[in-house]
Amino acid sequence: MATVMKHNIHRLIILFAIMFAATGAQAQNADKLHAQDGLFNHLSVGISTGLTGTNIDVAMPVHKLVTVRAGYGGMGWGDIKFKAINTASEITEMQMVEEDAIKQAQMVDKIELALKPNFWNFYVLGEVHPFRNQPFYFSAGLFFGSQNFFHFRNTNDGALGFLYDANEKVQDYNRLFNTNYPPVGVQFGDYVFTADENGNIDVRLKTNAVKPYLGIGFGQHLAKTHRVSLAVDLGLLFWGSPKFVLNNGVEVSSSGKNSGVGSVLSWLKAWPNLEIRVAYKIF
């Protein structure tokens with residue numbers, strides 16, 4: 001996926017370079033490019049990059065002060081590898097430490113995981129330019145598409161059976177002696193993700209499928225007297241309270257006193273976006 005995306009971005013850069021070169025040849029006709037007021041009488045094609053990913057879209061006027069922009073894009077980079085703490089190393093209860101499963105789990109301090117962003121959306125935005133001769137604008141609209149912002153998984157498939165066995169021993173100990181020792185697994189914030197019976201940890205961060213967007217911007221999405229325009233947008237993507245979805249389908253809310261991850265994500269009900277867009281006006 002990452003390779004395909006890189007190839008597509010290279011093609012788009014080449015396309016825009018060709019269009020920019022053509023702009024110089026058309027400079028003598030710049031007076032014909034002036035954006036007259038009208039409904040759907042101009043169209044630009046743009047590429048943007050920012051904290052919501054790389055996007056391709058089109059923009060057109062629907063009023064002398066309002067522009068509508070629609071497109072598709074997102075994030076699909078390769079794996080980002082990191083290591084998480086193995087909580088088995090924190091077990092000190094002597095009776096449990098003597099168990100073979102616990103001994104084996106304590107031999108590994110950290111577990112390597114691979115995090116993969118995978119966030120793709122269609123979007124429709126309306127942009128209001130309150131000052132007709134100024135490039136400042138307000139934007140609002142909807143993103144709709146992917147519910148998974150990212151997922152992470154152990155890099156060696158099926159290699160965490162020892163964590164599963166150790167966690168089973170801890171749970172047996174809790175049931176037998178009426179104790180409340182925490183589970184064995186990898187730590188994310190203050191939550192512990194345990195391995196399944198297949199020896200894997202596979203977790204997705206789930207958001208809402210429909211995500212409202214509010215922002216402010218500076219620049220033009222439809223150039224007034226040139227082919228090429230530039231705009232910068234700053235806003236918030238409201239995606240609800242994120243939830244962790246385990247590989248067995250169980251959802252773990254990131255909000256609430258008993259979630260275990262409240263200190264990490266309970267405040268992140270909106271994703272910030274800083275975006276730069278370059279566009280070419282077709283007509």
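The values are calculated or read from the model by the stated rules, or taken from the named source; none is laboratory data. Note that this is a predicted model, so its numbers are computed, not measured. Neighbour counts are summed over all protein chains in view; Cβ atoms, including those assigned to glycine, are modelled from backbone coordinates with ideal geometry. Protein only, heavy atoms only, side chains kept; ligands, DNA and RNA dropped before computing areas. Shrake-Rupley method; radii C 1.70, N 1.55, O 1.52, S 1.80 Å.
Brief remarks follow.
- Restricting the stretch 34-50 to residues that are modelled with pLDDT of 70 or more and among the polar types (S, T, N, Q), the residue that is nearest to V66 (Cα to Cα): N41
- Any hit, the stretch 123-139, residues being in contact with a Phe, Trp or Tyr (Cβ under 7 Å, 6 or more places away or on another chain), open to solvent by 30 Å² or more (accessible area, probe 1.4 Å), over 30 Å from K224 (Cβ atoms) and among the hydrophobic types (A, V, I, L, M, F, W, C): no
- The residue list A105, A101 contains one member that is surrounded by 15 or more Cβ atoms within 10 Å (Cβ to Cβ) and under 36 Å from the mean Cα position of the chain (by Cα), which is A105.
For every residue, the table says whether it meets (1) without any contact (Cβ under 8 Å) to a residue 24 or more places away in the chain; (2) surrounded by 16 or more Cβ atoms within 10 Å (Cβ to Cβ); (3) under 28 Å from N208 (Cα atoms).
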{"position": "V58", "(1), (2), (3)": "yes, no, yes"}
{"position": "D79", "(1), (2), (3)": "no, no, yes"}
{"position": "A84", "(1), (2), (3)": "no, yes, yes"}
{"position": "K116", "(1), (2), (3)": "no, yes, yes"}
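- Residues that are outside any loop (DSSP other than H, G, I, E, B), under 29 Å from K64 (Cβ atoms) and in contact with a Lys or Arg (Cβ under 8 Å, 6 or more places away or on another chain) within the stretch 196-225 comprise just one, G219.
- The conditions of being open to solvent by 30 Å² or more (accessible area, probe 1.4 Å), within 19 Å of K243 (Cβ to Cβ) and touching a residue at least 12 places away in the same chain (Cβ under 8 Å) are met by Y191.
- Some residue of the stretch 120-135 being in a loop (DSSP other than H, G, I, E, B) and under 16 Å from the mean Cα position of the chain (by Cα): no
- Once the stretch 65-77 is narrowed to residues that are closer than 9 Å to V124 by Cα and among the small types (G, A, S), the residue that is surrounded by the most Cβ atoms within 10 Å (Cβ to Cβ) is G71.
- Residue in the stretch 176-195 that is in a helix (DSSP H, G or I) and not acidic (D, E) present: yes
- Count - residues of the stretch 194-215 that are open to solvent by 50 Å² or more (accessible area, probe 1.4 Å), closer than 20 Å to G74 by Cα and either in contact with a strand residue (DSSP E or B) (Cβ under 6 Å, 6 or more places away or on another chain) or not polar (S, T, N, Q) (or both): 5
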